[in-house]
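Step one of this worksheet: look at the structure below.
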Amino acid sequence: MQLSIPFSPDQASSYSGPVDLLFAFLCVLTILFGTVITLLIIYFAIKYRRRHRNEVPGQIEGSMKLELLWSIIPFFISMGIFVWGSQLYYTMYHAPSEALEIYVVAKQWMWKFQHLDGQREINELHVPLGRKVKITMTTEDVIHSFFVPAFRVKLDVVPGKYSTVWFEATKPGRYHLFCAEYCGTGHSRMIGWIEVMEASEYQAWLAGGAAEGSLASSGEKLFQQLACITCHRSDAQGRGPVLQGLFGKEILLQNGGKVVADESYIRESILNPRAKIVAGFQPIMPTFQGQVSEEQLLQLVAYIKSIGGKPPGDAGVANPNATAPAAMKPAGQ
Ligand code: CUA
């Protein structure tokens, strides 16, 4: 009988390999240095042991050459690890613009997923194989942490802000999703699955859901229900800034600063409108804190993204459905 102890979880995303390589390098380096240092300690302990009771050790002046050597070599090794690690980190946490977007709201004790086309899932997320997927997350209550070991993806979900991470699944299957931050009595039950499907299966799955319409269209309804539309008019005659074409642009603020109109800025502007006033406008917008849930905020953000931003043709986010081929849209859209 062969006993196998897996050294690491499944490698199921495009950066499982690079992350494992860095980890293996750190392990080998640690073992190497640990072994050499341990052996030297033993060797010196024997070589320089006290041989008789009255022995007095000779004075040692030290060696500049040695001191430099054991400072400079570790310096370059640690800087190398730093550059390697930060490159990997930068790639993981800066989603490419062509990625498929999925929104996540965490709460005690479940994971709620929203697809752009309107499908919702709880504790289970379906993603296509070989496609970049960007996850934008927030939480309704305390800090949670989105952890998919097989993808080497782990990111804290912090109240009051959007955290993003992306991955590209490279192997079909079902993979564990954990909450990796203690979040109360139900923490250990805050688990789920990521289901990686072949592109065709994924299309079929997508077509089976979404009775409520896309995320952006729910956002548009909300935009009217909350009467946002009375101030944010598209003809620039309203009391608030025009939101058409806004997303992703740099905006000049009243205090002379600048801000990029991204998801976080839109969220903040809805909940705390006075935080960053656009140049030329009055701080008259009331807060919507307590009136919209995190999920509704995501719908509003998706709507504002859908009416703004990058010119058509760009694989960006101008139209949330533009990134999906026609065949992937659910029927009725
Ligand atoms: Cu959520 Cu632990």
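No value in this document is a laboratory result; all are computed from the given coordinates. All of these numbers come straight from a predicted model, not from anything done at the bench. Positions of Cβ are generated from backbone atoms using ideal geometry, with glycine treated the same way; all protein chains shown enter the neighbour counts.
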Per-selection metrics, the chain (Cα): Rg and Dmax in Å: 26.8, 97
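Mind checking the range 143-238 for GluC sites (Glu not before Pro) that DSSP puts in a loop (not H, G, I, E or B) and that have at most 13 other Cβ atoms within 10 Å?
Details: sites: Glu168, Glu181, Glu195, Glu198, Glu201, Glu212, Glu220; in loops: Glu181, Glu198, Glu212.
Answer by residue number: Glu198, Glu212.
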Fluctuation leader among Lys305, Lys161, Lys258 - the chain, Gaussian network, Cα springs under 10 angstrom: Lys258
Kirkwood-based Rg to Rh ratio, the range 211-305, C-alpha trace: 0.94
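With +1 on each Lys and Arg Cβ and -1 on each Asp and Glu Cβ, and nothing else charged, work out how big the dipole of the range 212-260 is about its Cα centre, in Debye to the nearest 20. Before the final figure, lay out the partial values.
Values: 5 positive and 4 negative charges, 35 e Å.
In debye, rounded to 20, the range 212-260 gives about 160.
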GNM top mover of Tyr43, Tyr103, Tyr303 - the chain, alpha-carbon springs below 10 Å: Tyr43
Kyte-Doolittle mean at least 0.0, axial Cα span of 30 Å or more - DSSP H helices of the chain: 16-47, 64-93
Selection of trypsin sites (Lys or Arg not before Pro), the range 178-239, meeting DSSP coil and at most 16 other Cβ within 10 Å: Arg233, Arg239
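Figure the gain on full extension for Ala227 and Phe25 (residue separation times 0.36 nm, minus the Cα-Cα span) and round it to one decimal in nm. Please list the in-between numbers first.
Working: separation 202, 0.36 × 202 = 72.72 nm, distance 5.64 nm.
Computed gain between Ala227 and Phe25 is 67.1 nm.
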The range 1-124 - convex hull of alpha carbons, volume per residue in Å³: 278
Pairwise FRET efficiency - Tyr90 versus Asp262, Cβ, R0 = 25 Å, nearest 0.05: 0.90
Paramagnetic label zone (point 7 Å from Cα along Cα-to-C-beta, Leu40; backbone N under 20 Å) in the range 65-89: 65-81
Partners for Lys112 among lysines (Cα-Cα distance below 27 Å; same-chain residues under 8 apart left out): Lys132, Lys134, Lys154, Lys161, Lys171, Lys221, Lys305, Lys329
Inter-label distance, nm, simple model (7 Å from Cα along the C-beta direction), Leu68/Ala207: 7.2
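DSSP loop (so not H, G, I, E, B), at most 11 other Cβ within 10 Å: list which trypsin sites (Lys or Arg not before Pro) in the range 1-99 pass both filters.
On the way: sites: Lys47, Arg49, Arg50, Arg51, Arg53, Lys65; in loops: Arg49, Arg50, Arg51, Arg53.
Passing sites in the range 1-99 are Arg49, Arg50, Arg51, Arg53.
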Radius, Kirkwood style, for the range 115-206 when every pair of distinct Cα atoms is counted (Å): 13.8
Computed lengthening from Ile251 to Glu198, 0.36 nm per intervening residue step minus Cα-Cα distance: 15.0 nm
Sum of side-chain charges, Leu297 neighbourhood, beta-carbon under 11 Å (Lys, Arg +1; Asp, Glu -1): -4
Efficiency of FRET between Tyr182 and Asn272 - r from beta-carbon atoms, R0 22 angstrom, step 0.05: 0.15
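Per-residue ellipticity at 222 nm for the chain, helices alone: DSSP H runs ≥ 4 residues times -39500 (n - 2.57), over residue total, nearest 500 deg cm²/dmol?
Working: 6 runs with 104 residues, N = 333.
Theoretical 222 nm ellipticity from helices: -10500 deg cm²/dmol.
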Max mean-square fluctuation residue, GNM over the chain, Cα-Cα springs under 10 Å, options Met197, Met79, Met64: Met64
Descending Cα extents along the principal axes, the range 154-243, whole Å: 51, 38, 22
